[in-house]
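Read the structure below first, then the notes.
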There are 2 protein chains.
Amino acid sequence: MSIKAEIMNTLKHEILTLSLKPGTILSETALSERFQISRTPLRDVLKQLALESYTDIYPKKGNMVSYIDLESVEQITYLRSTLEKEILKDLSSQLLLTGLHELKEILERQKEVIGKENDIDSFLNLDDAFHRAMYRLAGREFLWNLIQQSNVHYLRYRRLHMLKTEKLEGIWKEHQTLLELLVHKETEKIGPLIHHHLREDIHSLDFQENFSEYLSKGV
Amino acid sequence: MSIKAEIMNTLKHEILTLSLKPGTILSETALSERFQISRTPLRDVLKQLALESYTDIYPKKGNMVSYIDLESVEQITYLRSTLEKEILKDLSSQLLLTGLHELKEILERQKEVIGKENDIDSFLNLDDAFHRAMYRLAGREFLWNLIQQSNVHYLRYRRLHMLKTEKLEGIWKEHQTLLELLVHKETEKIGPLIHHHLREDIHSLDFQENFSEYLSKGV
DNA sequence: CTCACTAATCTTGTATACAAGATTTTCTTG
DNA sequence: CAAGAAAATCTTGTATACAAGATTAGTGAG
């Protein structure tokens, strides 16, 4: 399984970082030459990529890297906002000291990479690490993993959104505020903050105009 | 694609109705004879079933119908409970008359099949129809479909749970109450009701003892 | 009888030849 | 030159032969 998993991770990474742009054709024969493997295991990989919406399969025509679907982004942020509001409420009444320390440590590392150029990957990874840690500390890592399976569109949207407007500092500060609210158990302020943190700017027309080449035309 | 989709629906139905019991071996060659098709397209189907946790693939050993994982059931009910609480809050401020009529109609049909023997399938389908309609009316059908992709364990748990204890009447009444709270916009009472509706009895040891043969032993 | 080893027979995993639809190119015809 | 038809060449879809690991049956030695 290792070789197929490796190919899949490679392709996922290239799609998520937009190194493979939406609309790019992924030919089975081309990929089989690139990875020096036959078409059969490659088809397994492409099938799974399609199931997770990384690609679309057009029968007898080809496999194409999917365009970013803003409807999916909106739905996922609604889901996460609702869920994380509840998770933080749970955490505020049961968060252990070790957990708090872990979250603080992630925030420290995240602050360090804000200044550096070309390190947006590290920042985004630490952003995920922060949210994931919240899920795990609340006993909800299962749900984090579930969401990841439908996260292609959101992850690409987030990357483009951050490239455009340099708001890394603001995001970091919101994480910081979130932790403070958690410590002081001011649960009533957490909901609105999470909502702003995840769903702000979702309907920005500015974004749609700037990156229309990457976007799904559907609706 | 039609033929493969048909095979997949058949197998999914047999697994969900427990006609294919957890632990049953699904051999590629046996299935290829049954459906009169070669192994290649059948592998596609089995791959997708495994991805949705209907089966587990043990490399070089075989495909096996998955055991019911109660951890998954607990996580999914937490997700649904949280999400539907929010969705009903949204609905209470924007529900149209046509939508209300639709929900009432589903409830009427559901009441009709309560008495009849051997019609638990119809009852469960209408149960899904009711909840799904809520998602759709709130513009969240996308999330309903997302949850369905990870719903095998919950759906089988629900079926067994209802076979054991005849609580169809109670479930129907909760739906009825939900509608009334919605109409009268008593949003503060909806949360606890949804929680009870979806998550009651989740940790019942009675269930685990009665159906241990169907359950995953993990943890 | 029991245990260990071997061989046969399962299983899925991979490579490849061929089928069939979609596209593009080329050539013929006006 | 233009337009349309035909053919070559793409694409994925399917069937099948073979590879390789896992299990099981059987056989022989003690």
- In segment B:1-20, residues that are among the small types (Gly, Ala, Ser), closer than 19 Å to B:Pro41 by Cα and modelled with pLDDT of 95 or more total 1
- Query: So A:Lys104 fits all but one of (1) touching a residue at least 60 places away in the same chain (Cβ under 8 Å); (2) farther than 27 Å from A:Ser150 by Cα; (3) within 13 Å of another protein chain (Cβ to nearest Cβ); what number is the exception?
  - Reply: (3)
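So how many residues does segment A:26-39 have that are touching a Lys or Arg at 6+ places or on another chain (Cβ under 9 Å) and under 14 Å from A:Met8 (Cα atoms)? Walk me through how you get there before you give the answer.
First, the residues of segment A:26-39 that are touching a Lys or Arg at 6+ places or on another chain (Cβ under 9 Å): A:28-29, A:31-32, A:37.
In the following step, the residues that additionally are under 14 Å from A:Met8 (Cα atoms) were identified as A:28, A:31-32, A:37.
Residues flagged as touching a Lys or Arg at 6+ places or on another chain (Cβ under 9 Å) and under 14 Å from A:Met8 (Cα atoms) within segment A:26-39 amount to 4.
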- Query: Just to be sure, is A:His175 away from chain B (no Cβ under 14 Å), surrounded by 18 or more Cβ atoms within 10 Å (Cβ to Cβ), in contact (Cβ under 8 Å) with a residue 40 or more places away in the chain and not charged (D, E, K, R)?
  - Reply: yes
- Message: What's the total number of residues in segment B:6-27 that are within 9 Å of DNA strand C (Cβ to nearest atom) and not hydroxyl-bearing (Ser, Thr, Tyr)?
- Response: 2
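If we only count helices (runs of 4 or more DSSP H) wholly inside segment B:107-199, which ones have 2 or more residues that are of a type in the set (Val, Ile, Thr)?
Qualifying helices (runs of 4 or more DSSP H): B:168-183, B:187-199.
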- Query: Conditions: (1) loosely packed, with under 15 Cβ neighbours inside 10 Å; (2) within 21 Å of A:Tyr78 (Cβ to Cβ); (3) modelled with pLDDT under 90. A:Glu166 meets all but one. Number of the miss?
  - Reply: (2)
- So how many residues does segment B:72-100 have that are assigned to a helix (DSSP H, G or I) and either free of Cβ contacts under 8 Å to residues at least 40 places away in the same chain or not aliphatic (A, V, I, L, M) (or both)? 17
- Query: For the subset of segment B:114-131 comprising residues that are at pLDDT 90 or above and either in contact with a helix residue (DSSP H, G or I) (Cβ under 8 Å, 6 or more places away or on another chain) or outside the structural domain of B:Glu174 (by TED's automatic domain parsing) (or both), which member is nearest to B:Phe142 (Cα to Cα)?
  - Reply: B:His131
- Query: Taking the stated definitions as given, is A:Ala30 in a helix (DSSP H, G or I), within 13 Å of DNA strand C (Cβ to nearest atom), more than 10 Å from chain B (Cβ to nearest Cβ) and not β-branched (Val, Ile, Thr)?
  - Reply: no
- Can you tell me which residue within segment B:45-70, out of those that are within 11 Å of DNA strand C (Cβ to nearest atom) and part of a helix (DSSP H, G or I), is nearest to the other protein chains (Cβ to nearest Cβ)? B:Lys47
- Is it fair to say B:Thr40 is surrounded by fewer than 15 Cβ atoms within 10 Å (Cβ to Cβ), within 14 Å of another protein chain (Cβ to nearest Cβ) and out of contact with any helix residue (DSSP H, G or I) (no Cβ under 7 Å at 6 or more places or on another chain)? yes
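The values are calculated or read from the model by the stated rules, or taken from the named source; none is laboratory data. Worth saying up front: this structure is predicted, and the values here are computed from it rather than measured. Because the Cβ atoms are built from the backbone with ideal geometry, glycine has one as well, and the counts that use them run over all protein chains shown.
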